[in-house]
Amino acid sequence: MNNNYELYKVFYWAAKTGSLTQAAKVLYLTQPSVSHAIKQLEDSFGITLFYRNSKGVILTQEGEVLYSYIEKSQILISLAEKQMAALKNLDSGELRIGGSDSLFKHYILQHLENFHKQYPGIRLHLNHGTTPEIIALLKEGEIDLGVVRMPISDPQLEVRESFQLQDCFVAGPLYSELQDVVLSLDMLLQYPIILFSRNSRARMAITELFQSYGHHLKPEIEVGSVDLLIELARKGLGISYVTREFVSKELEEGTLFEIQLDVLIPPSHVGIMIMRNMPISNAVNKFIELVQ
């Protein structure tokens, strides 16, 4: 038995209103169409669902049993329709984003603030990690999108370039004799270098750059956060490799200065990463539009 959902909807409204005429009005049907639908349903079950009288229709005992089930389904369908409308209008739902601590702090948060003001009903879930960790979370379905440094080469992923960052070496007042001096890579390597952990994209990029000039970049200190890179450079423990945009305040205040090199450090590109050929929610689309 595989009755059309429309038959159950007609049955529901006929039972709810107690009138075939009222059910027809609610459903924008003619009364004969409603009567025909009820007869089809009764014939399919081989039982009578309504008693007819001068005032309308009354459920039989069997009809009461069917109504108890159909009523629940109609309530659930109504709730589902309301939820779909809310998701479409971004009145509810969730947005799960992955990224590094530094990208969250210095870039993503400003966009999240704007997104939350526009769509306060969307719940936000933030996941911190390295690029390989963010890729794994995305593939496992734990996040909806990742904000990562490029390049990313993975046929399962689609990466949309969002903005550029410029990395540089910075030092504190203890190395003031280097200010306004252009250093070669040989000269730079005479000083203690502070780098981010080995699995970071920035670390990989600067290591490859030095290798392309025939140099081995071996840090004196390795750290796991951008804040430590900044603080150690300020304290004079060495020269840190950081993202210029992340130390703009320190550079402006003079607590750090940028080391000038005789080679160009190419800018890095940051992209928004999603699963390829997979549907994305309206919330994800809106966030990507906001960021780009």
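The values are calculated or read from the model by the stated rules, or taken from the named source; none is laboratory data. No experiment lies behind these values; they were computed from the predicted model shown. Cβ atoms come from the backbone with ideal geometry, glycine included; neighbour counts cover every protein chain shown. Heavy atoms of the whole protein, side chains included, go into the accessibility calculation; ligands, DNA and RNA do not. Shrake-Rupley method; radii C 1.70, N 1.55, O 1.52, S 1.80 Å.
Residue-by-condition table, conditions (1) among the β-branched types (Val, Ile, Thr); (2) part of a helix (DSSP H, G or I); (3) open to solvent by 40 Å² or more (accessible area, probe 1.4 Å):
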site	(1), (2), (3)
Phe11	no, yes, no
Lys16	no, yes, yes
Leu41	no, yes, no
Val57	yes, no, no
Ser78	no, yes, yes
Gln83	no, yes, yes
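Kindly indicate whether any position in the range 111-121 is touching a strand residue (DSSP E or B) at 6+ places or on another chain (Cβ under 6 Å), at pLDDT 90 or above and open to solvent by 30 Å² or more (accessible area, probe 1.4 Å). No, the range 111-121 contains no residue that is touching a strand residue (DSSP E or B) at 6+ places or on another chain (Cβ under 6 Å), at pLDDT 90 or above and open to solvent by 30 Å² or more (accessible area, probe 1.4 Å). Taking the residues in the range 254-266 that are touching an Asp or Glu at 6+ places or on another chain (Cβ under 8 Å) and part of a loop (DSSP other than H, G, I, E, B) as candidates, determine which candidate is surrounded by the fewest Cβ atoms within 10 Å (Cβ to Cβ). Out of the qualifying residues, it is Ile265. Looking only at residues in the range 218-244 that are open to solvent by 80 Å² or more (accessible area, probe 1.4 Å) and among the charged types (D, E, K, R), the one that is nearest to the chain's Cα centre (by Cα) is Arg244.
Condition first: closer than 24 Å to Leu188 by Cβ, assigned to a loop (DSSP other than H, G, I, E, B) and in contact (Cβ under 8 Å) with a residue 24 or more places away in the chain. Can you find one or more residues in the range 275-285 that meet it?
The first filter runs over the range 275-285 and keeps only residues closer than 24 Å to Leu188 by Cβ, leaving none.
No, that holds for no residue.
The rows are residues; the columns are (1) surrounded by 17 or more Cβ atoms within 10 Å (Cβ to Cβ); (2) assigned to a helix (DSSP H, G or I).
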{"site": "Glu161", "(1), (2)": "no, no"}
{"site": "Glu177", "(1), (2)": "no, yes"}
{"site": "Asp186", "(1), (2)": "no, yes"}
{"site": "Arg198", "(1), (2)": "no, no"}
{"site": "Ile206", "(1), (2)": "yes, yes"}
{"site": "Leu209", "(1), (2)": "yes, yes"}
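Looking across the range 85-110 at every residue that is hydrophobic (A, V, I, L, M, F, W, C), over 21 Å from Gly141 (Cβ atoms) and open to solvent by 30 Å² or more (accessible area, probe 1.4 Å), the one that is nearest to the chain's Cα centre (by Cα) is identified as Leu109.
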